[in-house]
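Visitor: Sending over a structure as structure tokens; questions will come in a sec.
Any read-out appearing in this document is the output of simple, stated calculations on the displayed coordinates, not a laboratory observation. Model, not experiment: these values are computed from the prediction. Quick reminder, even Gly has a Cβ in these numbers, built from the backbone with ideal geometry, and neighbours come from all protein chains shown.
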Amino acid sequence: MKILVCISNVPDTTTKIKIAEGNASIDTAGIQWVINPWDELSLTRALELRDDQSTGIKSVTVAHVGPAISEPTIRKALAIGADDAIRVNAESADAYFVAEQLAEAIKKEQFDIIMCGIESSDYNGSVVGGMVAEFLGIPSVSAASAINFEGGVPVITRDIDGGKEIINVPVPFVAIVQKGIAKEPRIAAMRGIMMARTKPIKTLEPVAIEPLTQIVSFEKPAPRSACKFVDAANPGQLIDLLRNEAKVI
Amino acid sequence: MTKQIIFAISLIITLGVFAYTINRLASYFRFTRPAFPVRNFGRRFGIMMEVAFGQTKIFRRPVIGFFHAMVFWGFCVILLGSVEMVIDGLAGTEKALKFLGPVHDFIMASGDIFALIVAVAIIIFLFRRLFLHISRFEGIEMKKRSHRDANISLSLILLLMLSLMSMNLGYMGYRETAGGQIDGIYPFAGMLLSVFPALSAETFNTIYEVSWWAHILTIFFFANYLPYSKHFHVFMSVPNVFLTRLEPLGKLDNMESITREVKLMMNPETAYAASPSDVPPQRFGVKDAEDATWKNYFDSLSCTECGRCTSVCPANITGKKLSPRKVMMDLRARMKEKGPLIVRSRSLSGGKEVNDNRSLLGDYISEEELWACTTCNACARECPININHPSLIVDMRRYLVLEEASAPGELKSVFNNIENNGAPWQYSAEDRMNWAKDMEVPVMSDLFARGEKPEYLFWVGCAGAFDDRYKKVVRAFAKILNHLKVSYAVLGREETCTGDPARRAGNEMLFQMQAMHVISTLKGYDVKKIITACPHCFNTFKNEYPDLDGNFEVTGYVQLLSRFIKEGKLDVSQLKGTKITFHDPCYLGRANEIYDEPRHVLNSLTNNFTEMDRNRSFALCCGAGGAQMFKEAEKGDKEIFIERTEDALKTGASVIATACPFCMTMLTDGLKYKNKEEEVKNLDIAELVVQGLGI
């Protein structure tokens, strides 16, 4: 069996996002790119399953849609332990575009489990996984919080309101994974870092397809207004502020 | 003649067995890893005279240390007498060294007196071991065998001393009775003789002969028993001190194999140009006995299980599994187990890997033990013969992280944070100047753009930039710099983690990537002098960056404040009367021997400075070093920071002064835990100086 993990290249969570001129794109200068945290966890789980002999999983491949500058992120995934990688050489346009590119890449090879993070920490669209399954015409399980093997068959656990749902699904399928799929992201060992330099990254050219959506503009949330401190000995001032300035009482 | 032959035979057997043992042990050294080249013979000789022959570290526990020193010095002079006995035995002479005249008299006299002193000391040692409950002699690693070993060794020494005393008595008695010349002076034997019943010359001679043989044969037996017991330190300790690692305790050795990888990574074109002979090591870090360095193994053979290291280990004191003594004993035991297998396999198959499905890490030492270490270096500082435990502990962490990608979860996040946002915590580099809000703090890139070059780079550190409490400290220090119009600048957004927590947590790769990045930034600004606000950064810059070509003149802020006060630049005087105690940060104190400067600053602020019981090189760690700051403590029965806070509260001081962001976090937590935050304040030295200046 083979697992494919789709990885998205996102700005590190501490990044202060700046909007580029024209308000329709993000200023990427100086951004530290990382593997999308959900994808990092699904990669970790995929590697755990591969390292467990009893699952019969032979390899873990990562797939990414993005230009050459995202290669360090792919190399990071290889360093963590993925066996090989596929990169579709295209700037991501929207979720539909990305899902179609991934589906086309997946069709070229045989994968049994395709793992997608439930969302990416940059655009938070939460639709790529479902769309990939649809394009491929295979089942998908959303919000999977655990994947295990019982007697050689994958068993998926979903967190639902007030409990858990255990699901059996025939391969191939898409698992859209939630945090909790792995305890903590795996870090790269030294051998992994060294080997990542020579592991293969297969580059595919994109299929021609138009995105369905277009970004019109970005807006930053209004900055939080300053917090006013009122001395505890002075409740009158508080009432005054609430009545006359905040106008809530 | 018969006597000479018997003696020669026993001597040959002794030397033969000894040579066999030593050869076997020496063969294990062949497959250990290199540590450091042995140079600086002058300095090494000095350390050997001071620490080994001067017994300076044993005196860190003055009472029992005194007795040990007596035994050691006694052994030294008695050894000279034994040399004479060997000559006599072989040549059939009596007192062969008597031609030395007064020197011979001195050797004999001091040997005679020391025999009594050593015997008394040994009886005290035996009494302690047998009847007093000394906690230092207990612990999970102390098996029945360890206690038996100690008791056998002590008994043999006692036997040596008793036989020496009776030998001298017999010699003097015989010569006095038979009317011969007495070679040498024997004050104690003389005294003993005066109260001894008058015996015939024959009887005295028999006493002498029997004692002589008993003494020399016990020496022969003892010499061959030692290498098989924990008491091998009789032979090993002096050389081990001579072979001391000469680096400051705070310095961890650079892994050259990683440097190579980092350089390849930073400059990928060379990755494929690397010469094929340049192969990476079979293993990064230490997993098994043969991965340790020859010095680690030497240390382990020298260890006599005295337990001083373990008795000062903050992790051990607070009930955690780690015991530095155990680490040394485990290495020795594992080498004893695996060494013969490797030797055999090398002679058979020419160096094929031996696998007995066991290893030092895992079967002897658990990960839990390794992750409990705070790298405070109390063990290494305490060891009377300069054994270095933390370097081996970190080398095992290196194996875990670099080979197995295994580390406590919180530390994995720390690694990711350092890699992605340049700080152990998740904060954006863009927030690095928030601490300096509404303050005039010059930034390097601004000065550079104006064509200016400050004298100092002020290295704020991640805690100074992001920790709300420590931000106040760096603000205070910057205020002083501004007050004195010191020419300085900070890196601001360009600053990033020095890599200290990553290195101490075993992630040498990440450390070196950070280090090379920092060094290249600093070189870009042509920085020569650095002031640090954190002892961990200080230690990294001062001791560890030179290995990676980062040579700067580094001063910690505490040293600088002390210098300013000495130079009369800071007139501090307003805190008279405030009772202040000081907690020594490990990376200022033991790691870099900076004890006087903080005390100088505090003594100029108050006339009521008070020490904790454990202070200076005896200070207890706060519990945060060695990347412990960023993880949950391992299982134990107490938190280290509470133990240390109790030390501080015992002094009755109203201010606990610290000089390290991690110590501050820990002790402030300790005060909260003890509900003392109202009465007792935890302040940094820089904050106290600002108070003292009234600025």
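Visitor: Just to confirm my understanding: which cysteines in chain B have no other cysteine beta carbon less than 4.7 Å from their beta carbon?
Guide: Taking the Cβ cut-off of 4.7 Å, the unpaired cysteines of chain B are B:Cys76, B:Cys303, B:Cys306, B:Cys313, B:Cys373, B:Cys383, B:Cys462, B:Cys497.
Visitor: Where the only charges are on Cβ atoms (+1 Lys, Arg; -1 Asp, Glu), what is the dipole of region B:158-278 about its Cα centre, to the nearest 20 debye?
Guide: 200 debye
Visitor: In nm, to one decimal, how far is the B:Val38 label point from the A:Ile239 one, both placed 7 Å along Cα→Cβ?
Guide: Rounded to a tenth, the inter-label distance reads 8.6 nm.
Visitor: What FRET efficiency, computed as 1/(1 + (r/R0)^6) with R0 = 22 Å and r the Cβ-Cβ distance, is obtained for A:Asn23 and A:Ile69, rounded to the nearest 0.05?
Guide: Working from the Cβ atoms, E equals 0.45.
Visitor: On to the next question. Given the DSSP H assignment, sum -39500 (n - 2.57) over each helix run of at least 4 residues in chain A and divide by its residue total; what's the result at 222 nm in deg cm²/dmol, nearest 500? Provide the component values of the computation, followed by the final result.
Guide: Values: 6 runs with 60 residues, N = 249.
So the helix-based figure for chain A works out to -7000 deg cm²/dmol.
Visitor: A further question follows. Kindly identify the protein assembly as shown as rounded, prolate or oblate by the Cα gyration tensor criterion: order the square roots of the eigenvalues as a ≥ b ≥ c, call it rounded if a/c is under 1.5, otherwise compare a/b with b/c, prolate if a/b is larger, else oblate.
Guide: Taking the square roots of the gyration eigenvalues as a ≥ b ≥ c, the protein assembly as shown is prolate.
Visitor: Turning to a different aspect of this structure: Between B:Ile123 and B:Glu176, 0.36 nm times their residue separation minus their Cα-Cα distance comes to what?
Guide: On the way: separation 53, 0.36 × 53 = 19.08 nm, distance 3.06 nm.
Difference between extended and current length: 16.0 nm.
Visitor: Within a 10 angstrom radius of each residue's Cβ in A:12-19, how many Cβ atoms of other chains show up on average? Whole number is fine.
Guide: Values: counts 9, 6, 12, 5, 4, 0, 1, 0.
The shielding value for this peptide is 5.
Visitor: Still on this model: Report, in debye and to the nearest 20, how large the dipole of chain A comes out about its Cα centre when Lys and Arg carry +1 and Asp and Glu carry -1 on their Cβ.
Guide: The calculated dipole for chain A is roughly 600 debye.
Visitor: Could I ask something else about it? For B:Gly556, which sequence-distant residues (separation of 5 or more, or a different chain) have an amide H within less than 5 Å of its own amide H, given hydrogens modelled in the peptide plane?
Guide: B:Thr532
Visitor: How large is ³J(HN,Hα) for each residue in region B:443-448, as worked out from phi by the Karplus curve 6.51 cos²θ - 1.76 cosθ + 1.60 (θ = phi - 60°), to whole Hz, x for Gly and Pro?
Guide: Along region B:443-448, the couplings run 9, 3, 5, 5, 4, 4 Hz.
Visitor: Subtracting the Cα-Cα distance from 0.36 nm times the residue separation, let me have the gained length for B:Leu132 to B:Ser200 in nm, one decimal. Walk me through the numbers on the way to the answer.
Guide: On the way: separation 68, 0.36 × 68 = 24.48 nm, distance 4.31 nm.
So the extension gain works out to 20.2 nm.
Visitor: Label chain A by shape, choosing from rounded, prolate and oblate, from the square roots a ≥ b ≥ c of the eigenvalues of the Cα gyration tensor; if a/c is under 1.5 it is rounded, and otherwise prolate applies when a/b is larger than b/c, oblate when it is not.
Guide: prolate
Visitor: Right, something else. Which trypsin sites (Lys or Arg not before Pro) in region B:419-483 sit in a loop by DSSP (not H, G, I, E or B) and have at most 14 other Cβ atoms within 10 Å of their own Cβ?
Guide: Numbers: sites: B:Arg432, B:Lys437, B:Arg450, B:Arg469, B:Lys471, B:Lys472, B:Arg475, B:Lys479; in loops: B:Arg432, B:Lys437, B:Arg450.
Sparse-neighbourhood loop trypsin sites (Lys or Arg not before Pro): B:Lys437, B:Arg450.
Visitor: Oh, and also: At 7 Å along Cα-to-Cβ for each site, give me the label-to-label distance between A:Ser217 and B:Lys576 in nm.
Guide: 6.8 nm
Visitor: Here is a follow-up. Which of rounded, prolate or oblate describes region B:412-693 when judged by the alpha-carbon gyration tensor and an a/c cut-off of 1.5? Numbers along the way, then the final one.
Guide: On the way: a/c = 1.78, a/b = 1.21, b/c = 1.48.
Oblate.
Visitor: Here is a further query. Which one of B:Gln512, B:Leu522, B:Thr606 has its Cα pushed farthest toward the positive end of the charge dipole of region B:412-693, where Lys and Arg give +1 and Asp and Glu give -1 at the Cβ?
Guide: Ranked along the dipole, the leading option is B:Thr606.
Visitor: For region A:161-233, run through the chymotrypsin sites (Phe, Trp or Tyr not before Pro) and keep only the ones in DSSP coil with at most 10 other Cβ atoms within 10 Å of their Cβ.
Guide: Sites meeting the loop and neighbour criteria: A:Phe229.
Visitor: Report, in debye and to the nearest 20, how large the dipole of region B:418-528 comes out about its Cα centre when Lys and Arg carry +1 and Asp and Glu carry -1 on their Cβ.
Guide: The calculated dipole for region B:418-528 is roughly 320 debye.
Visitor: To continue, here is another question. Hey, what angle do you get for helix B:389-398 against the long axis of chain B, alpha-carbon based, 0 to 90 degrees rounded to 10?
Guide: 50 degrees
Visitor: Right, next: Which order do peptides A:2-8, B:649-655, A:84-90 fall in by mean Cβ count within 10 Å, highest first?
Guide: A:2-8, A:84-90, B:649-655
Visitor: If you don't mind, another one. Please find the FRET efficiency linking B:Ile152 to B:Glu646, where r is the Cβ-Cβ separation and R0 is fixed at 51 Å, and quote it to the nearest 0.05. Before the final figure, lay out the partial values.
Guide: Working: r = 40 Å, r/R0 = 0.78.
FRET efficiency, B:Ile152 to B:Glu646: 0.80.
Visitor: Residues with amide H under 5 Å of A:Ser140's amide H, sequence separation 5 or more or different chain, H placed in the peptide plane at 1.01 Å from N; which?
Guide: Amide H neighbours of A:Ser140: A:Val174.
Visitor: For the ranges B:454-461, A:135-142, what's the packing order if you count other beta-carbon atoms within 10 Å of each residue, average per peptide, and put the highest first? Walk me through the intermediate numbers first.
Guide: Values: B:454-461: 22.1, A:135-142: 16.6.
Result, highest mean Cβ count within 10 Å first: B:454-461, A:135-142.
Visitor: Right, here's the next one. Along the charge dipole of chain B, pointing to its positive end and built from +1/-1 on Cβ of Lys, Arg, Asp and Glu, which listed residue (B:Gly180, B:Ala489, B:Asn254) has its Cα farthest out?
Guide: The residue sitting most towards the positive pole is B:Gly180.
Visitor: Per-residue mean of other chain beta-carbon atoms within 10 angstrom of the beta-carbon, peptide A:24-35?
Guide: Mean inter-chain Cβ contacts per residue within 10 Å come to 1.
Visitor: Taking the Cα atoms only, what angle lies between the long axis of helix A:71-80 and the longest principal axis of chain A, rounded to 10 degrees?
Guide: 70 degrees
Visitor: Please compute the net charge surrounding B:Asp468, taking Lys and Arg as +1 and Asp and Glu as -1 over other residues with Cβ under 15 Å from its Cβ.
Guide: Net charge in that neighbourhood comes out at +2.
Visitor: For region B:492-568 and region B:191-264, what is the separation of their Cα centres, given in Å?
Guide: Result: 43 Å between the Cα centres.
Visitor: Still on this model: I'd like the FRET efficiency for B:Asn23 and B:Leu348, computed as 1/(1 + (r/R0)^6) with the beta carbon distance as r and R0 of 22 Å, rounded to 0.05.
Guide: Details: r = 19 Å, r/R0 = 0.85.
Efficiency, from the Cβ-Cβ distance: 0.75.
Visitor: Which GluC sites (Glu not before Pro) in region A:1-63 sit in a loop by DSSP (not H, G, I, E or B) and have at most 11 other Cβ atoms within 10 Å of their own Cβ?
Guide: Taking region A:1-63 and a limit of 11 other Cβ atoms within 10 Å, the loop GluC sites (Glu not before Pro) found are A:Glu21.
Visitor: Tell me which of B:Leu688, B:Ala150, B:Phe582 sits at the most positive position along the dipole axis of chain B, charges placed on C-beta atoms (Lys, Arg +1; Asp, Glu -1).
Guide: Checking the options against the dipole of chain B, the answer is B:Ala150.
Visitor: If you don't mind, there's one more thing I want to ask. Against the longest principal axis of chain B, how steep is helix B:596-605, in degrees 0 to 90 to the nearest 10, with axes from Cα atoms?
Guide: The helix B:596-605 is inclined about 60 degrees to chain B.
Visitor: Can you put B:Met444, B:Met48, B:Met664 in order of Cβ neighbours within 10 angstrom, beginning with the fewest?
Guide: B:Met48, B:Met444, B:Met664
Visitor: If packing is taken as the mean number of other Cβ atoms within 10 Å per residue, what is the order of B:545-556, B:379-390, B:22-33, highest first?
Guide: B:379-390, B:545-556, B:22-33
Visitor: Here's something else I'd like to know. Take the alpha-carbon centre of region B:370-395, take the same for region A:66-93, and report the distance between them in whole Å.
Guide: Rounded to whole Å, the Cα centres lie 42 Å apart.
Visitor: Starting from the 7 Å offset along Cα-to-Cβ, what nm value, one decimal, do you get for the label separation of B:Asp356 and B:Lys672?
Guide: Placing both labels 7 Å along Cα→Cβ, they lie 5.0 nm apart.
Visitor: Residue by residue through A:188-199, how many Cβ atoms from other chains fall within 10 Å of the Cβ on average?
Guide: Taking all residues of A:188-199 together, the mean is 6.
Visitor: Quickly estimate the mean residue ellipticity at 222 nm for chain B, helices only: each DSSP H run with n ≥ 4 gives -39500 (n - 2.57), and the total goes over all residues, rounded to 500.
Guide: Numbers: 28 runs with 369 residues, N = 695.
About -17000 deg cm²/dmol.
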